[in-house]
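What follows is a short report on a single structure.
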Amino acid sequence: MTASPSPSDPVAPAAPVVPVSRAGAYLALAAGAIALGISPVFVRLADVGPFASAFWRALLALPVLFLWMRIEDRGRPDRPGPTLAVGLAGLFFAGDLFFWHLSILNTTIANSTFLATTAPVWVILVAWLWFRDRISGSTVAGLALCLAGGAALLGDSLQVDRSRLLGDAYGLATGVFFGLYFHAVRAGRATHGAARLTFQSSAVTAAVLFVIAVALEPRILPQTTQGWLAVLALGMLTHAAGQGLLSVALGTLPTIFSSLVIFLEAVIAAVFAWAVLGEALTLTQVAGGASIMLGIWVARPR
């Protein structure tokens with residue numbers, strides 16, 4: 001039995017596919033956040049520029065997403081084509097990746113990461129101002145704990161520098177586009193299954209990023225085996241698994257809560273940077289991770 005959405009954050013009607021239970025949606029959301037959180041490691045290991053790696057991330061996911069879509073569609077007469085919501089999801093995610101990589105090039109990694117994690121702020125604002133959703137006090141408290149935890153996780157790396165304000169603005173735009181992506185997926189899941197929505201929106205994302213990569217990158221093809229393996233991991237793990245599982249979860253769970261769980265990306269990224277790249281973890285960062293976990297628990301749907 002699929003649990004009904006929280007009254008404080010109603011979601012669109014379930015897509016016309018076999019429904020996912022609330023427990024299954026929680027697992028999909030957590031696994032998706034883990035898959036998305038390891039992406040910085042693969043971006044760093046890729047031997048192409050940031051826009052080229054973003055393009056490969058979307059393109060290489062398409063065969064897997066297509067296969068998933070065909071499996072999901074078996075025996076179903078209704079196979080909707082791209083809609084406005086699906087197209088917007090692809091455009092918003094392309095904007096998210098574009099501005100995130102611009103931010104990385106023009107400000108510190110810490111600033112870029114923290115500003116990107118402000119996506120739930122924009123999810124809540126759009127839900128409140130546009131969809132007229134009621135925002136509960138527990139949601140606001142959970143958001144505050146997650147933001148504080150994100151800042152603590154980055155620690156002293158966060159800094160204000162007037163020479164990097166443009167890069168910080170790009171980081172803020174990243175959060176805005178990711179927040180809009182959540183709402184576009186929320187709307188798209190009213191008519192599309194998770195696989196069909198993720199495949200169609202990813203095709204839009206790949207097309208947009210291809211144009212950007214050709215225009216801005218000196219080369220697009222990876223030059224080493226490590227580079228190809230890195231972009232392949234971005235496509236298979238980060239995009240096909242991460243974005244696909246996020247689409248699954250958004251068919252059942254409230255949009256606002258789902259956006260808060262994405263704060264786990266910062267926790268997972270820090271853990272993988274420590275385990276794979278040898279970056280140190282301080283006590284403050286551990287406390288920040290705990291604050292994020294507490295914020296997610298406080299904001300959970302009742």
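If the Cβ limit is 8 Å and pairs must be 6+ apart or interchain, which residue in region 210-221 that is over 10 Å from PHE55 (Cα atoms) and in contact (Cβ under 8 Å) with a residue 12 or more places away in the chain pairs with which residue that is assigned to a loop (DSSP other than H, G, I, E, B) and of a type outside the set (Phe, Trp, Tyr)?
Listed pairs, sorted by first residue: LEU216/GLY49; GLU217/VAL48; GLU217/GLY49; PRO218/GLY49; ARG219/VAL48; ARG219/GLY49; LEU221/VAL48.
Is it the case that VAL204 is closer than 26 Å to LEU84 by Cα and crowded, with 21+ Cβ neighbours inside 10 Å?
Numbers: closer than 26 Å to LEU84 by Cα: yes; crowded, with 21+ Cβ neighbours inside 10 Å: no.
So VAL204 fails the test.
Output the residues belonging to region 278-292 that are of a type outside the set (Ser, Thr, Tyr) and either surrounded by 16 or more Cβ atoms within 10 Å (Cβ to Cβ) or part of a loop (DSSP other than H, G, I, E, B) (or both). Write out each step before concluding.
First pass over region 278-292, keeping only residues of a type outside the set (Ser, Thr, Tyr): 278-281, 283, 285-290, 292.
Residues satisfying the conditions are GLY278, GLU279, ALA280, LEU281, GLN285, GLY288, GLY289, ILE292.
Please work out if ALA187 is surrounded by fewer than 23 Cβ atoms within 10 Å (Cβ to Cβ), of a type in the set (Gly, Ala, Ser) and more than 17 Å from the chain's Cα centre (by Cα).
no
Just checking, which of GLU279, GLU265 is acidic (Asp, Glu), modelled with pLDDT under 90 and under 18 Å from the mean Cα position of the chain (by Cα)? Spell out the reasoning first.
Details: GLU279 fails: under 18 Å from the mean Cα position of the chain (by Cα).
Unique residue meeting the criteria: GLU265.
Of the conditions (1) within 25 Å of ALA61 (Cα to Cα); (2) within 14 Å of the chain's Cα centre (by Cα), PHE257 fails just one. Which one is it?
(1)
Which residues, taken from region 43-54, are buried (at least 23 other Cβ atoms within 10 Å of the Cβ), under 20 Å from GLY95 (Cα atoms) and touching a Ser or Thr at 6+ places or on another chain (Cβ under 9 Å)?
Selection gives ALA54 alone.
The values are calculated or read from the model by the stated rules, or taken from the named source; none is laboratory data. Everything quoted here is computed from the prediction, not taken from an experiment. Reconstructed Cβ throughout: ideal geometry from the backbone, glycine too, with neighbour counts over all protein chains shown.
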